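Here is the structure we will look at, set down as structure tokens.
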Amino acid sequence: MPHFSYQHGELHAENVPLTQIAHQFGTPTYVYSKAALVENFRSYSDACKKHGRGDDGALVCYSVKSNSNIAVLNLLGKLGSGFDIVSGGELLRVLAAGGSPRKVIFSGVGKSREEMCLALSHDILCFNVESIPELHRLNEVAAELGKKAPISLRVNPNVDAKTHPYISTGLKDNKFGVAYEDALETYRVAASLPHIDVTGIDCHIGSQLLDDAPLLEAVDKLIELIDTLAAENIHVHHLDIGGGIGIDYDGDKPVAVGDYLARLFAKIDAWRAAKYDGTPIKVLFEPGRSIVGNAGVLLTEVQFIKHGETKNFAIVDAAMNDLMRPAMYEAWHGVQPVKQRDAATAIYDVVGPVCESGDWLARARELAIEQGDLLAILSAGAYGMTMSSNYNTRGRAAEVMVDGAQVHLIRQRESAADLFALESLLP
Ligand SMILES: *Cc1c(COP(=O)(O)O)cnc(C)c1O
């Protein structure tokens, strides 16, 4: 993980020893590197610029659900990022972080009237619509507000993203998007509604994709559809390819973002030159994991070492409520001791204190550790804090962002009192 490295036998985030962060803020704590975030965002924005796409030609809409801390959103917004949201709450976060609603796209299969109303009143860039009933609801809400809702249809290109079934979204049999075969008819409906303005087309085929071939295949299908629509006089002005580029969790070798974008833009430019006299089409991206995933670790302390009959357990103070991915997807996260010990290793399952057998963070890891040691759970910047819960009345972890030699607290640790503050006794 760039920007997380050992210096004098001790793991640092940029120039700050993780030990210092644990002393200052306690554990468990999510630790993010500002430099890593900036670098990862720039891998997209620089590639767009390199291929001659300024603000009119491309927009990176960071996927807020991957890590929605307002300091993260603010930082990315200042770098020019737009935002892909999936709820009204995420829109309010983007606004609180100073993000521009004109760069917001709204995805998700179940948008409520209230959420549509909120998004319309802020004049967001586009609604990524996923069904015909949603089109009708949006048309009604826009009519009540005297507005036209800009939309793109999330089309399901039916390509196999070759990723975990829980995070694959582009195949026929999942809840997302409009089937490819139904897309034309759905666009006809959209074009017929007076308070709907067809502006784009989008897809998002899955997550943690290591290869860009499925994405390029999806673009081919979208291109075909855009041509069919144009023949019916339905013109889309942007093509949104979604997110999905993976990160290195366990020696994985994801495609370099710059290489993927070079191939993508070459394909799109060739098509526009052949069919539209070179008139460009705006390209949107919705990356999440590839921007934040390897920009953060979860810092935790070993509470006890327990030698079971067949296994050794390192019981740590972070748990499935802090980092849900292992319990939910059997996801693999690297585990590194903050201080390297010159001692014998043993094989451990790293588990939390929550009362569930599914409460594990890592299995069968060779570690040289003792009670009281600090561990870093790696690659935890995406879908870590945002998927956390208060199960077992555990306050959520603190979050800090490191910038060079400085550490900024960007979310306080929740206290137990915070957790029941909204509850009340019977009268
Ligand atoms: C989750 C999501 C993303 C981000 O996916 P990553 O794999 O984190 O890049 C993008 N678009 C939509 C619609 C999503 O649901």
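At-a-glance table
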read-out	value
Residue within region 16-38 that is within 16 Å of the chain's Cα centre (by Cα) and surrounded by fewer than 23 Cβ atoms within 10 Å (Cβ to Cβ) present	yes
Criterion: assigned by TED's automatic domain parsing to the domain that holds S379, within 19 Å of the chain's Cα centre (by Cα) and closer than 27 Å to K34 by Cβ - qualifying residue of V297, V255	V297
Selected residue (criterion: nearest to the chain's Cα centre (by Cα)) from residues of region 222-245 that are part of a loop (DSSP other than H, G, I, E, B) and either basic (K, R) or surrounded by fewer than 20 Cβ atoms within 10 Å (Cβ to Cβ) (or both)	H237
Meets criteria (over 21 Å from V86 (Cα atoms), assigned by TED's automatic domain parsing to the domain that holds A230 and either within 16 Å of the ligand (Cβ to nearest atom) or modelled with pLDDT of 95 or more (or both)) for D160	yes
Scope region 171-201; condition small (G, A, S), closer than 20 Å to D220 by Cα and surrounded by fewer than 16 Cβ atoms within 10 Å (Cβ to Cβ); matching residues	A179
Some residue of region 360-367 being part of a loop (DSSP other than H, G, I, E, B), out of contact with any Cys (no Cβ under 6 Å at 6 or more places or on another chain) and modelled with pLDDT of 95 or more	no
Among the residues listed as G54, G89, G82, the single one being over 24 Å from T186 (Cβ atoms), modelled with pLDDT of 95 or more and surrounded by fewer than 16 Cβ atoms within 10 Å (Cβ to Cβ)	G89
Residue match in region 261-276 (condition: assigned to a loop (DSSP other than H, G, I, E, B) and either over 18 Å from the mean Cα position of the chain (by Cα) or farther than 28 Å from T345 by Cα (or both))	yes
Cβ-Cβ under 9 Å pairs, at least 6 apart or on other chains, region 277-302 side within 13 Å of the ligand (Cβ to nearest atom), far side of a type in the set (K, R)	G288/K65; A295/K34
Scope region 95-124; condition within 16 Å of the ligand (Cβ to nearest atom) and not in a loop (DSSP other than H, G, I, E, B); matching residues	K103, V104, I105, F106, E115, A119
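The values are calculated or read from the model by the stated rules, or taken from the named source; none is laboratory data. This is a predicted model, so every value here is computed, not measured. Cβ: placed from backbone, ideal geometry, glycine included. Neighbour counts: every protein chain shown.
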